[in-house]
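Accompanying notes for the structure given below.
The values are calculated or read from the model by the stated rules, or taken from the named source; none is laboratory data. This one's a predicted model, so the numbers in the text were calculated from it and none came from an experiment. Note: ideal-geometry Cβ built from the backbone for every residue, glycine included; neighbour counts use all protein chains shown.
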Amino acid sequence: MYKFLLCWRYLRTRWIALASIVSVTLGVATLIVVNSVMDGFTEEMHNRIHGILSDLVVESHSSGGISDSKWFEDRIRETLGDRLEGLTTVVAVPAMLNFSFNGSNHTQQINLIGIDQQSYASVSDFSQYLMHPENQKRIDFLLKNDGYAPGRSTFPESGWNYRRDMARLRKEIERETQRNRELRRQIKSAEVGSLSLSESMDKTTIGGVTSSPEPTAQAAGNSSDIASPSSTPEPTGLAASSDLENQPSPESLQQESANDLSSVDSAKQEATELNPPQSDSTTTEMMMAGPSLKLSPTDPAARAHYFDSETDTHTGIVLGISIGSMRYRDPHGDVKDLFFVRPGDDVTVALPGAGSPPRAIDESFTVVDFYESKMSEYDSTFAFVPLDRLQKIRGMIDPTTGKKSVTSIQMKLKPGVNLAEARDDLRAVFPPDQTMVHVQSWRDTQGPLLAAVQLETTILNILLFMIIAVAGFGILATFFMIVVEKTRDIGVLKSLGAPGSGIASIFLTYGLLLGIVGSGAGVTLGLLFVWNINSIAALIEKITGREVFDPTVYYFSEIPTIIHPAMVVWVIIGSVLIAVLASVLPSIRAARMHPVQALRYE
Amino acid sequence: MNTSTLNTSKLNTTIDRTDDQIYEPLDFDGPTRLRVVAFPTSEPATGRTMLQAQGLHKTYKKNRVSVPVLKGVDFAAQQGKITAIIGQSGSGKSTLLHLLATLDRPDQGEVHFDGHRIDHLSRRSRDQFRNQRLGMIFQFYHLLPELSTLENVLAPIMIGRSAFSYLMNRRSIHNHAKELIERVGLGHRLHHKPSELSGGEMQRTAIARALVTNPDILLADEPTGNLDQETGAGILDILKDLNREQGLTIVMVTHDESIAKKCDAVVRLSKGRVESVV
């Protein structure tokens, strides 16, 4: 009884001891904050990676893929049985994406993934990372009118409406350029005077094209109002000539039909400025002089080859958001997104065919949505297209049997199924030496990353526990001081018949109480910190003027935190244990103190 | 404080062992050999030897220099008497008291309490002996500064009993302690800390603490040494009253001849030996 009374009194009267446990408090608080934030990051990352990757994947590293996917699918269903929740086939292939921005072409490497719209959603959370609310429900690779990324004010106008506006504008610019050119030619011919009108026209157009074939191809990819066949390196025959009719002078078009919205306004102005010469009688005459230009939209044969971006789209493609945009900080310090392409724009993709040796294939796609998983690795490389389309253009469909090849088969398992076990079962069914396929779980795929985060957390924990251990030595020193200070009292207690063990337990209990108080305060402090971490970050930002948590780096708008109760309990146990251990030596010293010598102590 | 304020009839019912005890006797929970110190407690004061020492030798070693303090001291304290140990400082009187109180062990010689040898007992048994048979007061009072008067007085009972037993009998134990504090005239100072008490009040608290376990013998180490004449006399009066009314055996160390004169027996120590016994 006296033990509790005394250590309770010591706790209340010895402020020096409380000062010594401030370090325990801080250590515990730091441990909890660091663990919560690390756990939050890890959890977030796990969720994201797991959401993007399916549970299990059977993949072939060959560009041609698995030739008979049906056989594999049957084996998988047989092996996994009712453990399987969903299965989908995927074609993944490295490709080059080309689009133009501000009149210049931009090419970058992407990972083109052909997905089956129906079954892909059953293995991964693909849809929820899309921008358009309808696509989030179900992706159909069709361009929507508008309504992309509701609630995101920085998302530019996109969709069909945007595409139509751009197409109309482009046509108008084109027409004006054509007129302008005709006008100039007329003036030129009037100066020359000797040549007939039609002859000079033929010469200039042919000359213009032959002298600069590359810009023409670029313009095709860029302004995308020319049908995809025409952009292939070998334009021939009728298609080529009809293109040439439509094709304005490459340089002027490049400049005037720039994609950027800001330049659209100026382009519109230019267009209206160019309007007055239209009323000239000479101009109308010139218009009549180019019959193919007028006729082509109405001529059925010509229309078959003519791709009108105002009414038509290519196959849909979903781009990772970092491919088409850049996140940056404006001079005011606000985070902004700059979009180079947006839903409604056309892009070209160069990809290897499935044959051997692989041959490069060019294909135009229309961006129908963006994909934002907030994992920069994926957002900056992934582009999704419909599976059957990709199989077709890569030649992955056997013309005789109709069997379709895939590069990987992705599976989702029922909740609670042992992932490693299922993977090993599949590995047994598909021995790598015979089938040349690789069976992996999502953890294997992201193993190094997850292991690195785990290692980081472990090391941080060890370091922080060392801080608490250092605090333990502080307690040790303080306790020795208190024992010396209390020497006389120890002597008195012994003379009153208190056994050494009782004296020791006073100080041990004292240490325990200090540990509990210290870690209790630390836990409170840490939890408060974690719960308000984002407002604290904002406050620090305000005071120092420096961003604590940069959303351009992490793609999180807030710092994610998770508090595992078990972690808190372990931290408390650990720190209390350290406090008790630190009080063991002083306690033994107190217990061993000789009563006579202690009483002599004046 | 003088004896006129003492309520003797009340004291007899609370402190006298012959009456029914207010709280249960303390239990020994150690091994059976501890029973050695479990003596009959209700012997009448017949003048038999309560505390006895024979041929005590004690040498303190300090930095390899041996300082012999006691060189064969014989000592006996009769039951119901006040025995004074007197001598110059350095004569070994405090050391003798410590040996008698089993706070220390003699190098040679034996200490007997009521016919039983106690100096060779285990540490645990000696702790229990001190707690239950012995009361001690000191020159510098040695109260615990964190505890109030009442808590200081209760300390020996808290030490002697388990927390459970203490809490179960809390009321009777508290009443007993409060009566003792009233007895030494500090009823109005129950919840004051030692730092708020005067020297005399502290010493009276120490006396109440020494008596709270109803000991057989009270050992006092210069109880008035740190007090002025008048206050010291008050303390002595209390001790004498206790001796007279309850037959409490007291062994008192002092260097004050005038105090020694008032005692029943005087043992004079000089340079580690007994000079005379009166």
Being facing another protein chain (nearest Cβ under 8 Å) and buried (at least 21 other Cβ atoms within 10 Å of the Cβ), is that true of even one residue in region B:115-127?
yes
Mind checking whether some residue in region A:489-503 is over 18 Å from A:Arg14 (Cα atoms), among the hydrophobic types (A, V, I, L, M, F, W, C), assigned to a helix (DSSP H, G or I) and assigned by TED's automatic domain parsing to the domain that holds A:Met38?
yes
Could you tell me whether any residue of region B:75-87 is modelled with pLDDT of 85 or more, of a type in the set (Phe, Trp, Tyr) and within 21 Å of the chain's Cα centre (by Cα)?
yes
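Going through A:Asp140, A:Asp165, A:Asp125, A:Asp74 one at a time, which residue ends up being of a type in the set (Asp, Glu) and over 27 Å from A:Phe339 (Cα atoms)?
After ruling out the rest, the residue left standing is A:Asp74.
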Long-range neighbours under 6 Å by Cβ, at least six apart or interchain, first residue within 14 Å of another protein chain (Cβ to nearest Cβ) within region A:574-602, second modelled with pLDDT under 90 and assigned to a loop (DSSP other than H, G, I, E, B):
A:Pro595/B:Leu103; A:Val596/B:Leu103; A:Val596/B:Asp104
If you check A:Ile361, A:Ile317, which single one turns out to be at pLDDT 50 or above, touching a helix residue (DSSP H, G or I) at 6+ places or on another chain (Cβ under 8 Å) and assigned to a strand (DSSP E or B)?
A:Ile361
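Suppose we keep only residues that are among the small types (Gly, Ala, Ser) and crowded, with 24+ Cβ neighbours inside 10 Å within region A:500-530. Which one would you say is farthest from the other protein chains (Cβ to nearest Cβ)? Lay out the reasoning, then the answer.
Going residue by residue through region A:500-530, those that are among the small types (Gly, Ala, Ser) are A:500-502, A:504-505, A:511, A:515, A:518-522, A:526.
Remaining after also requiring crowded, with 24+ Cβ neighbours inside 10 Å: A:511, A:515, A:518-519, A:522, A:526.
Working: A:Gly511: 17, A:Gly515: 20, A:Gly518: 21, A:Ser519: 24, A:Gly522: 26, A:Gly526: 32 Å.
If we take residues in region A:500-530 being among the small types (Gly, Ala, Ser) and crowded, with 24+ Cβ neighbours inside 10 Å, then A:Gly526 is farthest from the other protein chains (Cβ to nearest Cβ).
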Any hit, region A:468-477, residues being in contact (Cβ under 8 Å) with a residue 60 or more places away in the chain, more than 14 Å from every other protein chain (Cβ to nearest Cβ) and over 52 Å from the mean Cα position of the chain (by Cα)
no
What is the residue count in region B:148-160 for residues that are within 7 Å of chain A (Cβ to nearest Cβ) and either outside any helix (DSSP H, G or I) or under 14 Å from the mean Cα position of the chain (by Cα) (or both)?
1
Single condition A:Arg443 does not satisfy, out of (1) outside any strand (DSSP E or B); (2) surrounded by fewer than 16 Cβ atoms within 10 Å (Cβ to Cβ)
(2)
Here is a check on your reading of the model: is B:Met136 under 20 Å from the mean Cα position of the chain (by Cα), without any contact (Cβ under 8 Å) to a residue 24 or more places away in the chain and at the interface with chain A (Cβ under 7 Å from one of its Cβ atoms)?
no
Which residues, taken from region B:161-202, are over 24 Å from B:Glu230 (Cα atoms) and not in a helix (DSSP H, G or I)?
B:Arg161, B:Ser162, B:Asn169, B:His191
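Look at region A:396-422 and say how many of its residues are part of a strand (DSSP E or B) and of a type outside the set (D, E, K, R).
Residues meeting the conditions: 7.
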Qualifying residue in region A:192-205 (condition: assigned to a helix (DSSP H, G or I), at pLDDT 60 or above, more than 30 Å from A:Leu387 (Cβ to Cβ) and within 51 Å of the chain's Cα centre (by Cα)):
no
Residue ID - farthest from the other protein chains (Cβ to nearest Cβ), chosen from residues in region A:1-19 that are of a type in the set (Phe, Trp, Tyr) and surrounded by 14 or more Cβ atoms within 10 Å (Cβ to Cβ):
A:Trp8
With criteria (1) within 14 Å of chain B (Cβ to nearest Cβ); (2) of a type outside the set (Val, Ile, Thr); (3) out of contact with any Lys or Arg (no Cβ under 6 Å at 6 or more places or on another chain), A:Gly497 comes up short on (3)
Of the numbered conditions (1) over 30 Å from A:Gly355 (Cβ atoms); (2) not in a helix (DSSP H, G or I), A:Leu26 satisfies every one except a single condition; which is it?
(2)
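Examine region A:546-565 for a residue that is surrounded by 24 or more Cβ atoms within 10 Å (Cβ to Cβ) and closer than 23 Å to A:Thr458 by Cα, and state whether such a residue exists. Spell out how you get there, then give the answer.
Here is the first cut: in region A:546-565, the ones surrounded by 24 or more Cβ atoms within 10 Å (Cβ to Cβ) are none.
No: region A:546-565 contains no residue that is surrounded by 24 or more Cβ atoms within 10 Å (Cβ to Cβ) and closer than 23 Å to A:Thr458 by Cα.
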